[in-house]
Structure formats: C-alpha cells, structure tokens
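Visitor: Please see the structure below; I have some questions.
FYI, it's all coordinate maths here, none of it is from the lab. In this text the structure is predicted, and so the values were computed from the model without any measurement. Note that we place each Cβ from the backbone using ideal geometry, even for glycine, and neighbour counts take in every protein chain shown.
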Amino acid sequence: MIAGYPLRAVRGLLPAGLALALLALAGCAALRPESSANRPDGEGYAGTGALVLRLGLGGPPPTLVPNPFARPVERATVEVRYLGLDASGRAVFQRHDVDRIAGDGSAPAAAGPGAPPPEPDTRQIVVDLRTSRQLRVQGKIIEILEATASGVVFRIY
C-alpha cells in the first residue's frame, strides 16, 4: 500500500501519467516562425533589422586559480542583422560585438535615415551579390540565397 492506495492501482496509473507527461512536453516544443515554415530544412529568413546570427563565445570564467569543474561562461557575443539593400543593390548587414568582460552590454544601434551613427563595436558589412554570396563570421559561413529590400533567405554552415 502506498499512501492508502493498493500497489496495483498505483502501478496502473503510471503508464497513463507517463503518457500525459510526454504529451505535455510535446506541446511545449518550439514552433517554427510562420515566415520560415515554407522553407526547406536548413534555410532561414530574416526581415529588415532582424537577427540573422548570434554567436556566444565562451571560455573558462576569469579566476586566479584554475578550476577544472568550472562551467564555461559566455564572455562575448557576435550578432549579425540584415539591414536591407543599398542603392547599388548590395546586401547590407550589421555586425555587433559585445564584450561581456569589458562590461559592454549595450543594444545594437538602429540603422536607416536619421539614425544615430553606429557604436564603436558595430560595423556594417556590404556584400556585392554579383561577386560573392557568402559572409564569414567567427568561423561560420552565412550563404545568402536571396536578398531583397524587405528580407534575406540564408543558410548557415
């Protein structure tokens, strides 16, 4: 007997409880954004100003004595956003580096007419689609499949 219930009754409830828990977990699965639901696997879409890539660069936490059990911490991040096409039809991206050790936790600067100039750790990257369709960032390759004024279709390797 477990808490006043016969052991058979409790054992009979375990499969039903397990099935209910698995069903609840399946309902929590991440949904794909509607804009990329019709894209083949491996392809992504980002609208103007949207995040294309975010890399967390980790390492051991800064300590005076090495700790073999310490978990890696995110020491810096690199964010790449799509800004659209320039007047020449070239794809324009914005790279923003954030060094968490130095305490730079600011948000990326806005782009466009009348926007303030980019921060020192923010720079624009212009890709001429007639000569190249790849952008390299921290060992990752962003392949530009299609770029328009309103968004970009890409694949990351």
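Visitor: Can you pull the one-decimal nm distance between simple spin-label points at Thr148 and Arg90, each 7 Å off the Cα toward Cβ?
Guide: Simple spin-label model gives 2.3 nm for this pair.
Visitor: Any idea how far apart Tyr157 and Glu43 come out in nm if each label point goes 7 Å out from Cα toward Cβ?
Guide: My value for the distance between the label points is 1.7 nm.
Visitor: Let me ask something else about it. Give the long-range amide H neighbours of Leu53: residues separated by 5 or more places, or on another chain, with amide H under 5 Å away, using H modelled in the peptide plane at 1.01 Å from N.
Guide: Placed amide hydrogens put Val80 under 5 Å from Leu53.
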